[in-house]
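Please read the structure below before turning to the comments.
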Amino acid sequence: MSLFDGRIHIEKINAPFLHSLKACGQEFGAGIKMAVERGWLELHESGTYVRLLNRESAD
């Protein structure tokens, strides 16, 4: 479910990553960091929300 401004709770990504994929918190953090660096995700300053970016926004 999308919140205002296209943001979603980070737990919508976190829970499946940790439980379905059996990953650890460090791997999740590294994945989020890489996605932000590559312009795929925008992390809200609170760390609670993320926004998926389209390709044009990432360039």
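Computed from the coordinates by the stated procedures, all read-outs in this text should not be read as laboratory data. All figures in this text were calculated on a predicted structure; none of them were measured in a lab. No Cβ is skipped: glycine too gets one built from the backbone with ideal geometry, and neighbour counts run over all protein chains shown.
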3J(HN,Hα) from dihedral phi, region 31-44, Karplus parametrisation 6.51/-1.76/1.60, rounded to Hz, x for glycine, proline: x, 5, 4, 5, 4, 5, 4, 8, x, 8, 10, 10, 9, 5
Dipole magnitude of region 6-59, debye to nearest 20 (Cβ charges: Lys/Arg +1, Asp/Glu -1, about Cα centre): 160
